[in-house]
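Below is one structure; the comments refer to it alone.
The values are calculated or read from the model by the stated rules, or taken from the named source; none is laboratory data. Quantities reported herein were computed from a predicted structural model and do not represent experimental measurements. Methodologically, a virtual Cβ is constructed for each residue, glycine included, from the backbone with ideal geometry; neighbour enumeration extends over all protein chains shown.
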Amino acid sequence: MGAPMTGTALLAEAVRQLAEAGIPDPARDARRLLAHVLGIAPGRLTLVLPDPVSQDHAAAFAALIARRAARAPVSHLTGQRAFYGRSFRVTPDVLDPRPETEILIAAALEQHFTHLLDLGTGSGCILLTLLAERSESRGIGTDLSDAALAVATRNRDALHLTSRATLRQGDWYAALGQVPERFDLIVSNPPYIALAEMPGLEDEVRLHEPRLALTDEGDGLGAYRAIAAGAARHLVPGGRILVEIGPDQASAVGALMRQAGLGDVAVIQDFDGRDRVVSARLQTL
Ligand code: GLN
């Protein structure tokens, strides 16, 4: 280590290093990582920047900046990500909760539900947010990945939702076992990136997020085929399913829902005007 540096000098050096590595918002990331190392909220950083920064903190910060320059997502370096006003633990075993998915949350909260199913729960961000927002509800989250379920379990317990959220390992509805349970709301943000589109993803996603969470290794619609096919068997009459989609998948996913016997198909857009959620309902008899 060199001579002790002021927080300001250390930050400036880190920003330069990240910018050189082509990181899109170097100042934001450097501040978040320094705040993380110092154990303070990023918004308070300027008020309490140490002068000088201790050797231990400086060394820890330098290590994080080097990993960020190698394109590790900030969430993997801090171990957490904010989603719908709550903090979620994230690791390389789960998809990072994304702001677009808050559109799905908003749409779900317009529904009345007490019995919720989240297919491919990952970090648990959708299931746990909805249960936290609706205190009379309970739900099940399924995932193929045991490692993801371990992260979801930690998030569930940290949010004090242990008694209302059940997590089960398995493929889509198969995780529910023999007895066909019925739900008044099914949600999912499944892997929807087509295999052919994987090379075009940014390094943070392609190299650092779980492949299982990103792609079906096919045309990007594989998960929706499975999810739509089982929906009528797992919804109560009048129940609704909401799935996040890629911006060009609305008509294909809507068609899959209709083929599966669902109706009242609607598409919800995100803040950029891109199709983001498909909604469908099991008609009452
Ligand atoms: N349900 C989780 C999320 O929306 C995980 C989704 C996934 O892994 N494809 O973040």
Taking the range 232-251 and keeping residues under 22 Å from the mean Cα position of the chain (by Cα) and under 17 Å from residue 184 (Cα atoms) leaves 240, 241, 242, 243
Please state which one of 113, 61 is at pLDDT 95 or above, of a type in the set (Phe, Trp, Tyr) and not assigned by TED's automatic domain parsing to the domain that holds residue 244.
61
Would you mind listing the strands (runs of 3 or more DSSP E) fully within the range 177-285 where at least 2 residues are surrounded by fewer than 21 Cβ atoms within 10 Å (Cβ to Cβ)?
235-244, 263-269, 275-281
Confirm whether residue 64 is under 17 Å from the mean Cα position of the chain (by Cα), in a helix (DSSP H, G or I) and more than 26 Å from residue 242 (Cα to Cα).
no
Members of the range 80-128 that are in contact with a Pro (Cβ under 9 Å, 6 or more places away or on another chain), in a helix (DSSP H, G or I) and either of a type in the set (S, T, N, Q) or away from the ligand (no atom under 13 Å from the Cβ) (or both)
none
